[in-house]
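Taking it in order: structure first as structure tokens, then the write-up.
The values are calculated or read from the model by the stated rules, or taken from the named source; none is laboratory data. Since the structure is predicted, the reported quantities are computational estimates derived from the model, not experimental observations. A quick note on method: Cβ atoms are made from the backbone with ideal geometry, for glycine too, and the neighbour counts reach across all protein chains shown. Ligands, DNA and RNA are excluded from the accessible area calculation, which covers all protein heavy atoms including side chains. Shrake-Rupley method; radii C 1.70, N 1.55, O 1.52, S 1.80 Å.
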Amino acid sequence: MSTGTNRRTFSRRRFLHWSQSALAAVGLSPALASALAISSESARKAAAAGAGDDYYEKLGVEKIINAAGTYTYLTAAVMPAQVQRAVALAALHPVVLKDLQRASGEYIAKRLRCEGALVTSGASAALTLATAACIVSANGAKPNQIPEEVSFMKNEVIVQKAHRYEYDHAMLLCGVRIVEVVSLDDYKRAFTTKTVMTNFFNAAEAGEIDRETWLEVAHGHNVPCHIDAAADMPPIENLWKYTGMGFDLVAFSGGKGIRGPQNAGLLLGKKHLTELAAENDSPNSDAVGRGMKVAKEQIVGMVAAVDWLLEQNDEADQREYMRRAKIIIQMVKDIPTMKAEIFVPEIANHVPHLILAYDPSVVGVTPKQVQERLRTLRPQIELNPDTGSTGRLGAHNNENAIVVGTWMLQPGEAEIVGRHLRKVLTTSKL
Ligand SMILES: *Cc1c(COP(=O)(O)O)cnc(C)c1O
């Protein structure tokens, strides 16, 4: 997710105030530990076995410790070993791309309890293809008419003003016009003969109209509803929650919490619409989605990530993320004025965020300086971008707080983050 979106998505507050006893009680499930250990271990083994060149090394691109989260600019998640293996196997053979698209969609739809599914090149592409599908559906149009002829067709998408976001661009690409509403009355009045779709930003912090009402009014007008839930897994059940509620189309990022390939995503929903979305997608050349190609490796990787995810357990995962936070807290808790807090956003990145608040005038280094100095040490650590910024992640999140996302850390990295944080916090002077 982009930092900009993130800023808006963290405002629903839910605090888990840290206490020594609560954290002492958490333990790591051995199954999860080994699952998480495989990816870095297999990479080391592959390198040791001469399986290939390390192109990061060859290119001089630093490998980082991701203590931030599933941020797009940090390449989001690392794929679990079983997903990496599926990608590598898929790379060995050509197939007919449309056969793979259809079969993967049917498989995912079955596993995620919806009618239809399409592996897209990300949530943003899912939103573009959803929009294209709704235009084609409402107008009986052809994909090659998008976007040029859309201004002469039914072309309105209704969105709450509080749900306008940078990903509106993904819809505008199809030539639609966004109609903004604030109140329920506005919303009811906004439907015209030109309405093709509505969009709901699931993690939006504000907006007067709730999901159920949003759906009910739109469906009263026979207008399909898309919901953007890109970063909203965990919990795992969200993958069928919104289609189950009746949303016609639901977008998820494949490379965030689901840990598939970063350039993959899911469009889930009504089969006639996911099929129209596919008609607007690569490999069809005269289509808005032609540049949103998903290669066979990434399609297979996305399917394998769904299979992997459905073997995971939300509670065990959350315990593991807390265990890592506790390791870091132990290493910095005696820094003067230090207060540790755990914050879990309610929707989007619904995982423990460690907030380390302290008085920089006593400690001698500001959170922004800590963030900069961690980048200069090796291995390079990237903290959550909310470090040293104001108040979205809980009572202590401000210019005097470091924010650590623990869920993308790999085995052994929490210890390194704790050690480096301690080093920077104890040796730096303003
Ligand atoms: C990350 C994100 C996207 C884009 O997802 P990609 O899979 O990178 O295309 C869209 N919407 C929201 C709300 C996001 O957080």
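What share of the DSSP beta bridges in the chain is antiparallel, in percent to the nearest 5? Intermediate results must be reported in sequence, preceding the final value.
Working: 22 of 43 bridges.
So the antiparallel bridges amount to about 50 percent of the total.
Can you give me the C-alpha center-to-center distance between segment 55-117 and segment 120-160, rounded to a whole angstrom?
If we compute the Cα centre of each part, the gap is 26 Å.
Straight-line reach only, C-alpha to C-alpha below 19 angstrom: list the lysines that residue 63 could link to, leaving out same-chain residues fewer than 8 apart.
In chain and number order, the partners are 45, 256.
Is any helix in the chain, taking whole DSSP H runs, at least 18 angstrom long along its axis by alpha carbon and on average at least 0.0 on the Kyte-Doolittle scale, and which ones? Provide the component values of the computation, followed by the final result.
Values: long enough: 30-48 (26 Å, 0.52); 97-111 (21 Å, -0.94); 123-139 (24 Å, 1.46); 296-309 (20 Å, 0.76); 314-332 (28 Å, -0.77); 413-427 (21 Å, -0.17).
Correct list, ordered by number: 30-48, 123-139, 296-309.
Only bridges with both residues in segment 213-342 count here: give the DSSP antiparallel percent, nearest 5.
Numbers: 5 of 9 bridges.
Close to 55 percent.
Pop out the Kirkwood hydrodynamic radius of segment 94-309 from its pairwise C-alpha distances, inverse of mean 1/r, in Å to one decimal.
Values: mean 1/r = 0.0593 Å⁻¹.
After inverting the pairwise mean of 1/r, the radius is 16.9 Å.
So if I place +1 on the C-beta of Lys and Arg and -1 on the C-beta of Asp and Glu, and nothing else carries charge, what would the dipole magnitude of the chain be about its Cα centre? I want it in debye, nearest 20.
840 debye
Leaving out ligands, DNA and RNA, what percent of the accessible area of the chain is carbon and sulfur, probe 1.4 Å? Spell out each step's value before the answer.
On the way: 9660 of 18160 Å².
Accessible surface attributable to carbon and sulfur in the chain totals 53 percent.
Per residue, how much accessible surface does segment 94-309 expose to a 1.4 Å probe? Answer in Å², no decimals. The partial results should precede the final answer.
Working: 8260 Å² over 216 residues.
The answer is 38 Å² per residue.
With N set to the residue count of segment 314-427, report its C-alpha Rg divided by 2.2 N^0.38 Å to two decimal places.
Details: Rg = 13.0 Å, N = 114, 2.2 N^0.38 = 13.3 Å.
Ratio of Rg to 2.2 N^0.38 Å for segment 314-427: 0.98.
What residue among 141, 280, 94 has its Cα farthest toward the positive end of the dipole of the chain, where the charges are +1 on Lys, Arg and -1 on Asp, Glu, each on the Cβ?
94
Between their Cα atoms, which of 142/241; 326/368; 154/271 are more than 27 Å away from each other? Walk me through the numbers before you get to the answer.
On the way: 142/241 31 Å; 326/368 22 Å; 154/271 22 Å.
Over 27 Å Cα-Cα: 142/241.
Cross-link partners among lysines for residue 161, C-alpha distance below 17 Å, same-chain residues fewer than 8 apart left out?
188
Using the heavy atoms of the protein chains and a 1.4 angstrom probe, tell me the accessible area per residue for segment 352-412 in square angstrom.
Values: 1860 Å² over 61 residues.
Value for segment 352-412: 30 Å² per residue.
Roughly how many debye, to the nearest 20, is the charge dipole of segment 222-355 about its Cα centre, given +1 on each Lys and Arg Cβ, -1 on each Asp and Glu Cβ, and no other charges? Write down the numbers at each step before the final one.
Numbers: 14 positive and 18 negative charges, 79 e Å.
Using only the charged Cβ atoms, the result is roughly 380 debye.
What is the ratio of the Cα radius of gyration of the chain to 2.2 N^0.38 Å, where N is its residue count, to two decimals? List each step's numbers first, then the result.
Working: Rg = 22.6 Å, N = 430, 2.2 N^0.38 = 22.0 Å.
Normalised by 2.2 N^0.38 Å, the Cα Rg of the chain equals 1.03.
For the chain, what is the calculated [θ] at 222 nm in deg cm²/dmol (nearest 500), taking -39500 (n - 2.57) for each run of four or more DSSP H residues and dividing by its residue count?
Numbers: 17 runs with 179 residues, N = 430.
Taken over the chain, the calculation gives -12500 deg cm²/dmol.
Please give the peptides 87-93, 261-267 ranked by average Cβ packing (other Cβ atoms within 10 Å per residue), highest first, as a rough proxy for protection. Kindly include the intermediate steps, with their values, before the conclusion.
Numbers: 87-93: 13.4, 261-267: 26.7.
Most protected by this proxy first, the peptides run 261-267, 87-93.
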